[in-house]
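**Q** Quick one: the structure is below, questions incoming.
The values are calculated or read from the model by the stated rules, or taken from the named source; none is laboratory data. Since the structure is predicted, the reported quantities are computational estimates derived from the model, not experimental observations. Note that we place each Cβ from the backbone using ideal geometry, even for glycine, and neighbour counts take in every protein chain shown.
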Amino acid sequence: MSRLYKGILITIAAGCSIFLNSCSLKSCFDVTESKVNTGFYSKETGKAVPPDSLTLFGMNMDTSKIYNKVLAPETVQFPLYASDTSVKFIIKINGIDDTLEFRYSSYIHLISKECGYTWYYTLDTALHSFNIIDSLSFSKKTITTLSEENMRIYY
Amino acid sequence: MRRICGYIISTLALLLFSSSFARSQDTLWVPLKVNVGLEVMGPVNYFINKDVLSVEGYVSVDRNEKLSYVLAAGYLDYKYSQYNYTYLNNGFFIRLGPDFNILKPKKSKGKYWGGIGFRYGLSHYQWEVPSLHQANYWGEASASIPARKEWGHFLEAAPGMRAEIFPHFSMGWTVSLRMLIHTNSTDDLKPIYFPGYGNAAKRFSTGFSYYIVWNIPYKKIRVITKKEEPEETDETDDMNSNQNRNSPDYRQQQSPSDNMR
């Protein structure tokens, strides 16, 4: 009979720990914003070449910079806006300005109970000026919270 | 006619043998019951947190001292708010499957239950996200997900214990380990929580339930608690015969026939 009681106690302890664990409030540790992850490549060789310096901000938002003279960035992340279907950026690569416009559609996606819902995007097109940017290519047009390359800038 | 007589005689011999065999075993009368249970953690939690109302009950019928069939049903009204969204869900669920009592009848005595249950669960619910916000570089974006009705299917393993506290009344608990099989949501627009299952953002979820159960006995069965042990004399005879086989006398007895071969 003592074995039975031991079993009961062990099961109660296991049950309580699972219950308390399931009830505890958890914080969100995941990435909650979807951004266009972009790498820089040489137009001649096609190899990854970080620019010497980079500045990035939204059109008419030059007082609020996303990147400000960042040295040798390997990647940059372009934030999109769920309440709109296009956004325009000014990107300054090695001191030379170009404009870059993304056109996209958005949809809601569940991350987790703790982090809630966010927006994912499907890129339609990207338009740019040709001051220093030679061309763009897309590796993945679905923009999610995952850290995977979506776009390449050749310059 | 001969065949029929032979059949009757052999059946009678079998019955006589089996009845004498049963008499020599330890047996126990175990009551089989219809159990009606009410989950109490849900209503208790509701007094602490008014955002979650969960009501659940079940009916189980004992098939024998080890197996019973369970049908549970419940209702959930759920509200959840995080820093950037509000979520609402309400709906019904059923669970059905067997319960296995792993306690031996001598220990359980028809009063205690310790074992594991397996369930298939089906949930029908309506969920919505009335408000959802996200602020980033461009400003704040807002949206809502309108109410939608969906189905969820899941499997559950539920180990637990129950003990009789008063005649015909018992209390007990189960820990539920659930696996989501299917919902008719899309991959992106999924509910975060639904009735009977719990956190639907995950493929596995856990739960804890505490029950007050009304036990209604409907039948008693005789259960063999100790099987007849072979008589000692037979065993010793066997052992002796084995020993004889190895003894020189036995070999001697066998030798003439061996020689004949």
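Residue by residue, here is whether (1) within 11 Å of chain B (Cβ to nearest Cβ); (2) within 18 Å of the chain's Cα centre (by Cα) holds:
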{"residue": "A:31", "(1), (2)": "no, yes"}
{"residue": "A:36", "(1), (2)": "no, yes"}
{"residue": "A:50", "(1), (2)": "no, no"}
{"residue": "A:57", "(1), (2)": "yes, yes"}
{"residue": "A:84", "(1), (2)": "yes, yes"}
{"residue": "A:94", "(1), (2)": "no, no"}
{"residue": "A:98", "(1), (2)": "no, no"}
{"residue": "A:107", "(1), (2)": "yes, yes"}
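**Q** So how many residues does region B:97-116 have that are crowded, with 17+ Cβ neighbours inside 10 Å and either more than 14 Å from chain A (Cβ to nearest Cβ) or farther than 28 Å from residue B:61 by Cβ (or both)?
**A** Going through region B:97-116, the residues crowded, with 17+ Cβ neighbours inside 10 Å turn out to be B:97, B:99, B:101, B:103, B:105, B:108, B:110, B:112-115.
Then drop every residue that is not either more than 14 Å from chain A (Cβ to nearest Cβ) or farther than 28 Å from residue B:61 by Cβ (or both), which leaves B:97, B:99, B:110.
Within region B:97-116, residues that are crowded, with 17+ Cβ neighbours inside 10 Å and either more than 14 Å from chain A (Cβ to nearest Cβ) or farther than 28 Å from residue B:61 by Cβ (or both) number 3.
**Q** Hey, can you tell me all the residues within region B:171-201 that are away from chain A (no Cβ under 14 Å), at negative phi and within 23 Å of the chain's Cα centre (by Cα)?
**A** Of all residues in region B:171-201, those away from chain A (no Cβ under 14 Å) come to B:179, B:181-182, B:184, B:195-196.
If we keep only those that are at negative phi as well, we get B:179, B:181-182, B:184, B:195.
Within region B:171-201, B:179, B:181, B:182, B:195 qualify.
**Q** Could you tell me whether residue A:88 is more than 14 Å from chain B (Cβ to nearest Cβ) and either out of contact with any Lys or Arg (no Cβ under 8 Å at 6 or more places or on another chain) or not in a strand (DSSP E or B) (or both)? Let's see the steps before the verdict.
**A** Values: more than 14 Å from chain B (Cβ to nearest Cβ): no; either out of contact with any Lys or Arg (no Cβ under 8 Å at 6 or more places or on another chain) or not in a strand (DSSP E or B) (or both): yes.
Criteria not met by residue A:88.
**Q** If residue B:83 satisfies all but one of (1) assigned to a strand (DSSP E or B); (2) closer than 30 Å to residue A:120 by Cα; (3) within 11 Å of chain A (Cβ to nearest Cβ), what's the number of the condition it fails?
**A** Failed condition: (1).
**Q** Of all residues being of a type in the set (A, V, I, L, M) and surrounded by 16 or more Cβ atoms within 10 Å (Cβ to Cβ) in region B:29-39, which is modelled with the lowest pLDDT? Just the residue, please. Walk me through how you get there before you give the answer.
**A** Step one: of region B:29-39, the residues of a type in the set (A, V, I, L, M) are B:30, B:32, B:34, B:36, B:38.
Of the ones still in play, those that are also surrounded by 16 or more Cβ atoms within 10 Å (Cβ to Cβ) are B:30, B:32.
On the way: B:30: 87, B:32: 91.
By that ranking, first place goes to B:30.
**Q** Name the single residue that is farthest from the other protein chains (Cβ to nearest Cβ) among those in region A:122-155 being in a strand (DSSP E or B) and under 30 Å from residue B:204 (Cβ atoms). Reasoning before the result, please.
**A** As a first pass, look at region A:122-155 and keep what is in a strand (DSSP E or B): A:122-128, A:135-138, A:142-143, A:151-154.
Restricting the remaining residues to those that are under 30 Å from residue B:204 (Cβ atoms) gives A:142-143.
Values: A:142: 11, A:143: 13 Å.
Of everything passing the filter in region A:122-155, A:143 is farthest from the other protein chains (Cβ to nearest Cβ).
**Q** On the basis of being in a loop (DSSP other than H, G, I, E, B), touching a Phe, Trp or Tyr at 6+ places or on another chain (Cβ under 9 Å), more than 9 Å from chain B (Cβ to nearest Cβ) and surrounded by fewer than 15 Cβ atoms within 10 Å (Cβ to Cβ), does residue A:63 make the cut?
**A** Details: in a loop (DSSP other than H, G, I, E, B): yes; touching a Phe, Trp or Tyr at 6+ places or on another chain (Cβ under 9 Å): yes; more than 9 Å from chain B (Cβ to nearest Cβ): yes; surrounded by fewer than 15 Cβ atoms within 10 Å (Cβ to Cβ): yes.
For residue A:63, the condition - in a loop (DSSP other than H, G, I, E, B), touching a Phe, Trp or Tyr at 6+ places or on another chain (Cβ under 9 Å), more than 9 Å from chain B (Cβ to nearest Cβ) and surrounded by fewer than 15 Cβ atoms within 10 Å (Cβ to Cβ) - is met.
**Q** Could you count how many residues in region B:159-170 are away from every other protein chain (no Cβ under 12 Å) and touching a residue at least 40 places away in the same chain (Cβ under 8 Å)? Step through it out loud before you land on a result.
**A** Of all residues in region B:159-170, those away from every other protein chain (no Cβ under 12 Å) come to B:164-170.
Next, only the ones that are touching a residue at least 40 places away in the same chain (Cβ under 8 Å) stay: B:164, B:168-170.
Residues meeting the conditions: 4.
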